[in-house]
């Protein structure tokens, strides 16, 4: 199976006054097309930084990132923004819904930004809401929705443009366990039925079992990639901190 994401020897260094903080230290990672992979590790290990570098939200200090064979590290900001809109959907821990807009209008927004007509954007947004089981809540504003429902609206917004890749940063961090499992079931369906590649950052090992692989970061480096049959070993290694 060909890779859709290829991270090659990426570093990310932040300047803190005269000090340098190395968030990523020569990270390389290949993600196959239609893969569902978790990125795990303790707080401060570089998980979110790696995800944002993959998504082009943060530029690496050095190294290359290829998405579907395209080197995004050489793109200017305008080209990179256009590429993201066409290829990548983002789901964050904070839902980032616009409070004054209904769920439907929040999901329509990326399509409107692409210049689609109101009728076509509405049709596709309703389809996305139906896919996440919230078409009956289309006219509700975020304050009228539960945390789990808001996250599902955010997922609908991420998939409405039919991206090849979804990048999710702690997508269940602000919801209860029941909602978290519903969200993971939804991701599993998106991956298996629609063929969407999903890269998910999480600290919750209970959720890793939904993924086919898990890349473990420690101090800015990938120390090991675990297959689903090795998740007991992953839990043991994370408990021991090795």
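Just one residue in the set 104, 167, 129 is under 27 Å from residue 37 (Cα atoms), over 18 Å from the mean Cα position of the chain (by Cα) and surrounded by 16 or more Cβ atoms within 10 Å (Cβ to Cβ); that residue is 129.
In a residue-by-residue description of the range 119-129, the property of being closer than 22 Å to residue 211 by Cβ and without any contact (Cβ under 8 Å) to a residue 40 or more places away in the chain applies to no position. Beta carbons closer than 6 Å, at least 6 apart along the sequence or on distinct chains, pair a first residue in the range 172-184 that is farther than 13 Å from residue 146 by Cβ with a second that is modelled with pLDDT of 90 or more and buried (at least 16 other Cβ atoms within 10 Å of the Cβ) for 184/207; 184/210. Can you name the residue in the range 55-73 that is free of Cβ contacts under 8 Å to residues at least 40 places away in the same chain and under 14 Å from the mean Cα position of the chain (by Cα) and, of all such residues, is farthest from residue 170 (Cα to Cα)? Only one residue fits best here, namely 56.
For residue 93, state whether it is in contact (Cβ under 8 Å) with a residue 60 or more places away in the chain, surrounded by 16 or more Cβ atoms within 10 Å (Cβ to Cβ) and assigned to a helix (DSSP H, G or I). Here the answer is no, as residue 93 does not meet what is asked.
Among the residues of the range 221-242, those that are over 22 Å from residue 32 (Cα atoms) and buried (at least 16 other Cβ atoms within 10 Å of the Cβ) comprise 237, 238. Across the range 39-66, the number of residues qualifying as touching a helix residue (DSSP H, G or I) at 6+ places or on another chain (Cβ under 6 Å) and closer than 25 Å to residue 157 by Cβ comes to 4.
Restricting the range 32-54 to residues that are surrounded by fewer than 22 Cβ atoms within 10 Å (Cβ to Cβ) and within 17 Å of residue 73 (Cβ to Cβ), the residue that is farthest from the chain's Cα centre (by Cα) is 52. Restricting attention to the range 1-28 and to residues that are buried (at least 20 other Cβ atoms within 10 Å of the Cβ) and closer than 19 Å to residue 217 by Cβ, the residue that is nearest to the chain's Cα centre (by Cα) turns out to be 5. Checked against (1) touching a strand residue (DSSP E or B) at 6+ places or on another chain (Cβ under 7 Å); (2) without any contact (Cβ under 8 Å) to a residue 24 or more places away in the chain; (3) assigned to a strand (DSSP E or B), residue 15 meets all criteria but (1). Of the strands (runs of 3 or more DSSP E) lying entirely inside the range 127-242, those containing at least 2 residues that are closer than 28 Å to residue 116 by Cβ span 165-169, 197-201. Filtering 181, 205, 194 for residues that are in contact with a helix residue (DSSP H, G or I) (Cβ under 9 Å, 6 or more places away or on another chain), within 19 Å of residue 90 (Cβ to Cβ) and surrounded by fewer than 18 Cβ atoms within 10 Å (Cβ to Cβ) leaves a single hit, 194.
The values are calculated or read from the model by the stated rules, or taken from the named source; none is laboratory data. Remember, it's a predicted structure, so these values are computed and weren't measured experimentally. With ideal geometry, Cβ positions are generated from the backbone for all residues, glycine too; neighbour counts draw on all protein chains shown.
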